[in-house]
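First up is the structure itself, then whatever we jot down about it.
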Amino acid sequence: MDELFQLLNTSPDGLILPLCWACVLLAIAGVGVGIASSIFGVGGGFLIVPLLYLLGLPFGLVTGTSICSIVGTTASGVVTHHREGNVCTRTMWILGIGAMIGGAGGKAVQLAYETAYPVASEWVLGIGCVLILLFLATLVYFKPHRPEGKSPLQRISLGWRVDLPTGGVEGVALLGLIGIGLCGGLMAGLFGLGGGAIFVPLMLLLVGMDMKRTVGTKLGVILMGAIATTAYSAWQGQVCLPLALSVLVGSGIGVQLGIRIVRILPEGSHRRGFAILIGSSALAMAAKLIYNAFAG
């Protein structure tokens, strides 16, 4: 039993608040995570990672706990969006398999890098996470024009193609979809983002699906990748279960609120709101890195 408690980090080191108060704070934040999950198709990692980081947890435990909380949040969101007809199951399975492989691989790379470079790893991974989020937020907000109305994966020549009728897109390069799954999963495992902050921009910009169906489909992909990454993180002792469950309690409420907003939200506002959200998260994380530099 003691070994199980150790694996799940029921008393994590570095926490700047008592565990009970940290759980309350994360449960409240979980409501916002659930709303963001159902509206923007994200697992909530881009919100939970900065918050856990601000609470003083080491980066490895931050990402593992974040991914664990994402499993419950996205499961609820997938069920809700499926009822609304916003889930393209063919796309979900193609990307999901790649996300599971990439997610476990990304977490392994993170742990290996932290072991090899314990001092520099937090800065390198933190800055990398901030830059990726800001880059994707900019692309989604301004959304480059698509020549001839076709997405890059419809125009590119990569062999086999697949139609995505539920997603409203035809003739998409199959190898391109698999590549998106691997890339999104790798980034999720490496930075603890859950994949939504990666997958949603890639699906909008490269595949050409609309925002609502991108949101519902990506939640399914995120769920598949998060399960694999959580299992690996728990095995490595990189999950604090009480904190992860606290997020889940609040997110269950938030998902039901968010789906009601999705029904009435215009496409342009939906897309730009997503860009602003992940951009704000990146700036919060950057502020913490700068504070640590001056405080340390």
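The values are calculated or read from the model by the stated rules, or taken from the named source; none is laboratory data. Keep in mind it's a predicted model, so treat the numbers as computed, not measured. A quick note on method: Cβ atoms are made from the backbone with ideal geometry, for glycine too, and the neighbour counts reach across all protein chains shown. Please note that ligands, DNA and RNA were not included when accessible areas were found on the heavy atoms of the full protein model with its side chains. Shrake-Rupley method; radii C 1.70, N 1.55, O 1.52, S 1.80 Å.
Key figures
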{"quantity": "The stretch 72-168 pair-distance distribution - Cα-Cα, 5 Å bins, rounded %", "calculated": "2, 9, 10, 14, 18, 19, 13, 8, 4, 1"}
{"quantity": "Dimensionless Rg ratio for the stretch 43-109, taking C-alpha atoms and the 2.2 N^0.38 Å reference", "calculated": "1.29"}
{"quantity": "With Cα atoms, 0 to 90° folded angle of helix 174-191 axis to the chain main axis", "calculated": "20 degrees"}
{"quantity": "Cα Rg over Rh - the stretch 113-179, Kirkwood", "calculated": "1.18"}
{"quantity": "The chain - mean residue ellipticity at 222 nm from DSSP helices (-39,500 (n - 2.57) per run, n ≥ 4, rounded to 500)", "calculated": "-25000 deg cm²/dmol"}
{"quantity": "Kirkwood-based Rg to Rh ratio, the chain, C-alpha trace", "calculated": "0.97"}
{"quantity": "15 Å reach of a label modelled at GLU84, 7 Å along Cα-to-Cβ, counting backbone N of the stretch 265-281", "calculated": "265-274"}
{"quantity": "Whole-number accessible area per residue in Å² for the chain, which is evaluated in the context of all protein chains at 1.4 Å", "calculated": "42 Å²"}
{"quantity": "Inter-part distance where the stretch 37-101 and the stretch 237-296 are each reduced to a Cα centre, Å", "calculated": "10 Å"}
{"quantity": "Listed residues GLY208, ALA108, LEU95: farthest to the positive end of the dipole of the chain (Cβ charges)", "calculated": "GLY208"}
{"quantity": "By accessible area with a 1.4 Å probe, ligands and nucleic acids excluded, highest first: order of MET211, MET92", "calculated": "MET92, MET211"}
{"quantity": "Relative contact order for the chain, counting Cα pairs under 8 Å that sit 6 or more residues apart, in percent", "calculated": "40 percent"}
{"quantity": "TRP93-LEU158 FRET efficiency (beta carbon distance; Förster radius 22 Å; 0.05 resolution)", "calculated": "0.75"}
{"quantity": "Loop-resident sites, the stretch 198-285, for trypsin sites (Lys or Arg not before Pro), counting at most 14 other Cβ within 10 Å (DSSP)", "calculated": "ARG263"}
{"quantity": "Theoretical gain in end-to-end length, LYS143 to ASP210 [0.36 nm per residue, Cα-Cα removed]", "calculated": "22.9 nm"}
{"quantity": "0 to 90° range, to nearest 10: angle between helix 19-40 axis and the chain longest Cα axis", "calculated": "0 degrees"}
{"quantity": "Sequence of ILE127, ILE28, ILE222 from largest to smallest accessible area, 1.4 Å probe", "calculated": "ILE28, ILE127, ILE222"}
{"quantity": "Accessible area, probe 1.4 Å, largest first, for residues TYR117, TYR232, TYR53, TYR141", "calculated": "TYR117, TYR141, TYR232, TYR53"}
{"quantity": "Volume in Å³ per residue [convex hull over Cα atoms, computed for the stretch 165-268]", "calculated": "111 Å³"}
{"quantity": "Compactness of the stretch 234-279 as Cα Rg over 2.2 N^0.38 Å, two decimals", "calculated": "1.63"}
{"quantity": "With every protein chain in place, the chain: carbon and sulfur % of accessible area (1.4 Å)", "calculated": "70 percent"}
{"quantity": "Simple spin-label estimate for TRP21 and ALA120 in nanometres, 7 Å along Cα-Cβ", "calculated": "3.7 nm"}
{"quantity": "Stretchable slack from ILE28 to LYS288, in nm (0.36 nm times residue separation minus alpha-carbon distance)", "calculated": "91.5 nm"}
